[in-house]
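Here's the structure, in C-alpha cells; my notes come after.
What follows draws every value from the coordinates through simple rules; no lab data is involved. This structure is a prediction, so every number in the text was calculated from the model and none was measured. Positions of Cβ are generated from backbone atoms using ideal geometry, with glycine treated the same way; all protein chains shown enter the neighbour counts.
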Amino acid sequence: MQKPAITPLDLHPIIKNRWSPRSFDRRAVEPEKLRRVFEAARWSPSSHNEQPWRFLAGLKSDSTWEKILQSLVEWNRLWAQEAPVLILALGKKTSTKNGEPNHAYRYDTGQALAWLTVQAAHEGLVAHQMGGFSEQEARRLFEIPEDYEPLTVTALGYQGPAENLAEPFRKLELAERVRKKASVLVFAGKFGSASSLVE
C-alpha cells in the first residue's frame, strides 16, 4: 500500500513515498540490508563529528528485541510486536573529545535516524519511529549509562497489509496523510511571517 505525499512539487521519490506504516510483514530483514541501513546512519553529519548516536538493535524474539518491546507504551506494543526489527536510539549527552555538554546530541541522533530511514526506504523497507516508550524502563533493562539518553524507538521491516491490523490501527493505516502548509513552517522577516520562498 502506498500513500505518497500530496504535493505539486517534484520531490525525490524516496521522500515523496516514505511514510510510517504500523503493519509489518513477518519475513525477516536480510542482514546485508540491515548493515547498509546502519552504515547510512553512520555517515550522517554531526556537530564537531561527535557522532553521538548509539543504537540497540534487536531481531524479533531475541533478548534485545524483547527488552525494547517491553519498554514501549501499550499502544505501541500492540502493533510493534509484529515488527521484525526494533531499534532503540540513544544520544550521548557530552562530548567524547572534551567532556563538555553536547547541545546538539538530540538533533544529531535524529538526523542519523533520518538517514537510516531514507536508506531503509531505498532498500524496500519501512520504518516507524516512536516516542512512546519508557526511558526509565529502557535504562533499567539495558543498564544504560547516565551519559546516554534513550530518545526514540524505531520499528523496521517489510510493510504488511493494513488488513492485518486491528482497529483503531487499521483506520490510521488507511487514513490520508496530512501536513501543515509550508507557509506556517517557514518564516522571513519575523517569526510567524510566511516566507515568499514557500508561497
*Consider only pairs whose beta carbons are under 6 Å apart and that are at least six residues apart or on different chains; among these, list those whose first residue lies in the range 50-68 and is of a type outside the set (A, V, I, L, M) and whose second residue is part of a loop (DSSP other than H, G, I, E, B) and buried (at least 18 other Cβ atoms within 10 Å of the Cβ).*
Glu50/Asn102; Pro52/Asn102; Lys60/Pro84
*Within the range 1-14, can you find the residues that are surrounded by 12 or more Cβ atoms within 10 Å (Cβ to Cβ), in contact (Cβ under 8 Å) with a residue 12 or more places away in the chain and aliphatic (A, V, I, L, M)?*
Met1, Ala5, Ile14
*What are the residues in the range 71-106 that are loosely packed, with under 14 Cβ neighbours inside 10 Å and not in a loop (DSSP other than H, G, I, E, B), if any?*
Glu74, Trp75, Pro101
_Selection status of Glu173, in contact (Cβ under 8 Å) with a residue 24 or more places away in the chain, in contact with a Pro (Cβ under 7 Å, 6 or more places away or on another chain) and buried (at least 17 other Cβ atoms within 10 Å of the Cβ)_ = yes
*Identify all residues within the range 24-58 that are over 15 Å from the mean Cα position of the chain (by Cα), part of a loop (DSSP other than H, G, I, E, B) and small (Gly, Ala, Ser); write none if there are none.*
Ala28, Ser46
*So which residues in the range 136-167 are closer than 16 Å to Val73 by Cβ and either of a type in the set (Lys, Arg) or touching a residue at least 24 places away in the same chain (Cβ under 8 Å) (or both)?*
Glu137, Ala138, Arg139, Arg140, Leu141, Pro150, Leu151, Thr152, Val153, Thr154, Ala155
